[in-house]
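Below is one structure; the comments refer to it alone.
The values are calculated or read from the model by the stated rules, or taken from the named source; none is laboratory data. Everything numeric here is computed off the predicted structure, so don't read it as measured data. No Cβ is skipped: glycine too gets one built from the backbone with ideal geometry, and neighbour counts run over all protein chains shown.
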Amino acid sequence: MTIREDHKRFRDIVRGRVKENFKKYVTHGEMIGKREKDFVKIPVPSIDIPRFRYGPKQSGGVGQGQGNPGDPVDGENQPGQGQAGDQPGEHVLEAEVTLEELADILGEQLELPRIQPKGNKTIDSVVNRYTGRSSVGPESLRHFKASYKEALKRYVSTGTYDPDNPVIVPIRRDLRYRSFRKAVSPRTNAVVIYMMDVSGSMGEEQKEIVRLESFWINAWLKRNYKGLDTRFIIHDAAAKEVDEDTFFRTSESGGTLISSAYKLCKKLIEEEYPPHEWNIYPFHFSDGDNWSGEDTRLCVRLLKEFFLPQVNMFGYGQVESKYGSGQFLKDLERAFPGDERLVISRIENKDKIVQSIKDFLGKGR
Amino acid sequence: MANLTPELEKERVKIKKVAESVGLDFYETIFELITYEQMNQIAAYGGFPVRYPHWRFGMEYEQLSKSYEYGLSKIYELVINNDPCYAYLMEGNEFIDQKLVMAHVYGHCDFFKNNQWFSQTNRKMMDQMANHATRVRRYIDRYGVDVVEDFIDKCLSLENLIDRHSPYTRVKIPNLEKELELAEQGQEVLGPGRLKVHRDYMESFINPPGLVKEQEKRRKEEMAERQKLQNYPERPEKDVLHFLIHHAPLQPWQQDVLSMIREEAYYFAPQGMTKIMNEGWASYWHAKLMTEKIADDSEIVDFADRHSGTMAMSPTGFNPYKVGIELFRDIEQRWNKGQFGKEWEECESLADKKNWDRKTNQGREKIFEVRRNFNDVMFIDQFLTEDFCVANKMFVYKFNKRTGQFEVDTRDFPLIKKKFLFQLTNFGQPIISVVDANFNNRGELLLAHLFEGIEMQPDYMQATMKNLQALWGRPVNVATVLDGEPRIVHYDGHEFKSLAFDRSSESPPEGSDAQEN
């Protein structure tokens, strides 16, 4: 079909546009809100061909329906199912880009290297899939259609089928049941553990930055590992594991003991993600305000002895906040000068997210 | 593409016969059964199987496919104005849908063939579109896809600047240039100062060569002089595309592309001018034929469901199907009962009006007459009545700046009608014409926007002006109204300037003083 060419051309333009305005979209908080399943909706209004035309808000128009003067008219409603018009109307397009595509664009734009997985080991996982049929099984798994077919076949083959009175009575040996087969699929083995400081000094803006940044990191890692595991830990003076939603929404207050998160993370890894089988990416975001030097020293020790030798990379992102001292970052820099496995990034504001992502993912580990 | 299945073919023959029996008259109509992917492609191409390559069709395609895949919308029917007419049915639609579509399509085909506003359209447009595609592809091979596509983008931005009524005017405005051209070729039998000669040998006596030559020379000078003084173009030209094709510094291939786009715009124009009537007419007939002749008892509920779906009213815009069908029915009923003419207009008794029935029975005849002679503007102007507006719950809405939303403004009949007509005139687009192609005596282009109370959207205007400037080469100006002030917007290829413009003094400002502001 010739439309394929035009379609491809359009996609290229969309991608080109995406690239051009890329930074704008990264910092566009709404975008993740518009995420649906695997798609990210990106409005591309510039794809509209400009014409001399009236401003839509000035002109108004004629409508049909109930309502008194002053009642609002619902802008969403479009006329019913409708047949195709003779001429295509004008739309503002919301181009839907798949997450994979987006990650590719991200990779291209930031010149991110492909990630080299730690070893090529994959774990085979066995899943039971109910795709088979069996002549025995529990009644709850009886397959009505298949049973009926068998019975029908029997009727027809024995010549007892009467088209005028097509009654089929299945007997025991007609019955069919769903049965499972073992499906073996190689599973990739990467886990990202996000840790976030939710103490009183982390405001909404700081969390928004963490949210955006972890979204992009996730997109990139997902592109590189199929079936990526993600875990979320929040901490103030104590740490706990939460689901994604809570991770971004919780607002706690109180002191900060970073080591609490590191300890929990360590426990997670030890129990569920043996480091010789898994590619592990812990990321920690905080405003850099730790309770005591004592605790910082504990964190440094944990990093040195446990994390850094075992994980692919440990990311620490420090979000600038009015209240934080930012001391933790300096402590880390002093403790691990030039260590490639620890990536430290300072994120002053939303605009620096792109640079920070590059810091984190630019190493290809 | 496949032909119809035997069952559908049987129905088609039947529906065609029924349609002809009620007086519909159409070109041969070829139905094709296609998949949804093909349907999306053809719909993206505006109904044609082949168009020139352009990303905008790909965009349409993507939107149509996406909304089909997500179950948001579905195309039932597509028909193109061509001889023979082509119509497409979608595979997998229900049988009742296919029947309904066929009945609907015959209504459209009748309209295409008989409505006078379609009389000037190219009935071999299918071939012509394919020719355009071939030519554009050839240019792409020669000049590169980016160059050609960029140019098409610019042309499309100006696509709506045509004079929709020009195909129907027979009188050609006398053209000085043409006269000069003819004179040069010696085709002009009688020039100025030349007398008619009946015998060849008298020629040199009656029209002495020296004198004739001198007179011709003088006249040429005069004409050149007049041309200099005269506005150029002589009178405002609404067909901006035509003007650009002939006067903008374009390469031959660019002229060709622009003229193709203009031709296609003119081809589609009548469909926009008769949207309400065309859909109303087709809906009127599909409803009549389905309920009276085609659908059987078991199908009638499904039919009613589909039919009411297409007739749904919307608060933010009128549904052309609904307004059209109701108006045709209203006309038929009024002319059946004799509810027209002086006596009816002057009758002031509500009771009399309600029971008015002169048994004139001219309804059917009248709607056929209307479908032949009217376009949407005339249709609404003539037949939209107060009773009709009330019965169909029509209102005017407008944007309320305070609340930030669209609100019902009024249900006052004269205002509804006024707004309605305004929306239909020139498709509700600003009316723009070339006023001066040598503005300020600097070869600048001046377009004038006929201001009717609504201002143009400034960002769109500027983007369009950029495209116009790229075609024209020299600076371009648009005389319009911005924020309540008459202004001339000037774009020289680098930046925009908004200059004061005194509208009361008909002609644009002289001299270049205003330019430097």
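Selection of first residues in the range A:194-205 that are of a type in the set (Ser, Thr, Tyr) and of second residues that are assigned to a strand (DSSP E or B), restricted to Cβ pairs under 6 Å at least 6 apart or on distinct chains, gives the following pairs, ordered by first then second residue: A:TYR194/A:PHE232; A:TYR194/A:PHE283.
If you go through the range B:380-406 and keep only what is among the charged types (D, E, K, R), under 15 Å from B:PHE318 (Cα atoms) and outside any loop (DSSP other than H, G, I, E, B), you end up with just B:LYS398.
Tell me which residues, restricted to the range B:277-299, are farther than 15 Å from B:LEU24 by Cβ and either surrounded by fewer than 22 Cβ atoms within 10 Å (Cβ to Cβ) or free of Cβ contacts under 8 Å to residues at least 24 places away in the same chain (or both). The answer is B:THR291, B:ALA295, B:ASP296, B:ASP297, B:SER298, B:GLU299.
Condition check ((1) away from chain A (no Cβ under 14 Å); (2) of a type in the set (A, V, I, L, M); (3) not in a loop (DSSP other than H, G, I, E, B)) across all residues:
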position	(1), (2), (3)
B:GLU263	yes, no, yes
B:TRP281	no, no, yes
B:LYS288	yes, no, yes
B:ASP305	no, no, yes
B:SER308	no, no, yes
B:GLN333	yes, no, yes
B:TRP356	yes, no, no
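With respect to B:VAL377, determine if the residue is within 14 Å of another protein chain (Cβ to nearest Cβ) and either in a loop (DSSP other than H, G, I, E, B) or within 30 Å of B:LEU24 (Cα to Cα) (or both). Considered against the rule, which asks whether it is within 14 Å of another protein chain (Cβ to nearest Cβ) and either in a loop (DSSP other than H, G, I, E, B) or within 30 Å of B:LEU24 (Cα to Cα) (or both), B:VAL377 comes out as yes. Taking the stated definitions as given, is B:GLU369 over 25 Å from B:HIS165 (Cα atoms) and of a type in the set (Asp, Glu)? Considered against the rule, which asks whether it is over 25 Å from B:HIS165 (Cα atoms) and of a type in the set (Asp, Glu), B:GLU369 comes out as no. Contact annotation: residue pairs with Cβ atoms under 6 Å, 6 or more positions apart or on different chains, pairing a residue in the range A:256-272 that is polar (S, T, N, Q) with a partner that is in a helix (DSSP H, G or I) and crowded, with 23+ Cβ neighbours inside 10 Å, are A:SER259/A:CYS299. Counting the residues of the range B:9-67 that are in a strand (DSSP E or B) and either within 14 Å of chain A (Cβ to nearest Cβ) or more than 25 Å from B:ALA295 (Cβ to Cβ) (or both) gives 1. Would you call B:LYS154 more than 13 Å from chain A (Cβ to nearest Cβ) and part of a helix (DSSP H, G or I)? When the stated conditions are applied, B:LYS154 does not pass them. Within the range B:310-331, being of a type outside the set (S, T, N, Q), in a helix (DSSP H, G or I) and within 14 Å of chain A (Cβ to nearest Cβ) holds for B:PRO320, B:TYR321, B:LYS322, B:VAL323, B:GLY324, B:ILE325, B:GLU326, B:LEU327. Does B:PHE243 satisfy being at pLDDT 90 or above, surrounded by 15 or more Cβ atoms within 10 Å (Cβ to Cβ), under 30 Å from B:GLU332 (Cα atoms) and not assigned by TED's automatic domain parsing to the domain that holds B:HIS104? Criteria not met by B:PHE243. Please work out if B:GLN98 is surrounded by 15 or more Cβ atoms within 10 Å (Cβ to Cβ) and more than 30 Å from B:ARG135 (Cα to Cα). The answer is yes for B:GLN98. Picking from residues in the range B:380-403 that are surrounded by 14 or more Cβ atoms within 10 Å (Cβ to Cβ) and more than 27 Å from B:ILE325 (Cα to Cα), the one that is farthest from the other protein chains (Cβ to nearest Cβ) is B:ASN400. Could you check the range B:404-442 and list, in sequence order, the residues that are within 7 Å of chain A (Cβ to nearest Cβ) and of a type in the set (Ser, Thr, Tyr)? B:THR410, the sole residue that qualifies.
Within the range B:113-148, the set of residues being within 10 Å of chain A (Cβ to nearest Cβ) and crowded, with 17+ Cβ neighbours inside 10 Å comprises just one member, B:ALA133.
Filtering A:LYS240, A:LYS153, A:LYS149 for residues that are closer than 20 Å to A:ALA261 by Cβ and either in the same structural domain as A:TYR262 (by TED's automatic domain parsing) or of a type outside the set (S, T, N, Q) (or both) leaves a single hit, A:LYS240. Are there any pairs, at least 6 apart or on different chains, whose C-beta atoms fall under 8 Å, with the first in the range B:72-96 and closer than 12 Å to B:ALA43 by Cα and the second part of a loop (DSSP other than H, G, I, E, B) and among the aromatic types (Phe, Trp, Tyr), and if so, which? Within 8 Å, the pairs are B:ILE80/B:PHE48; B:MET90/B:TYR76. Does B:ASP436 satisfy the condition of being of a type in the set (Asp, Glu), at negative phi and not in a strand (DSSP E or B)? For B:ASP436, the condition - of a type in the set (Asp, Glu), at negative phi and not in a strand (DSSP E or B) - is not met.
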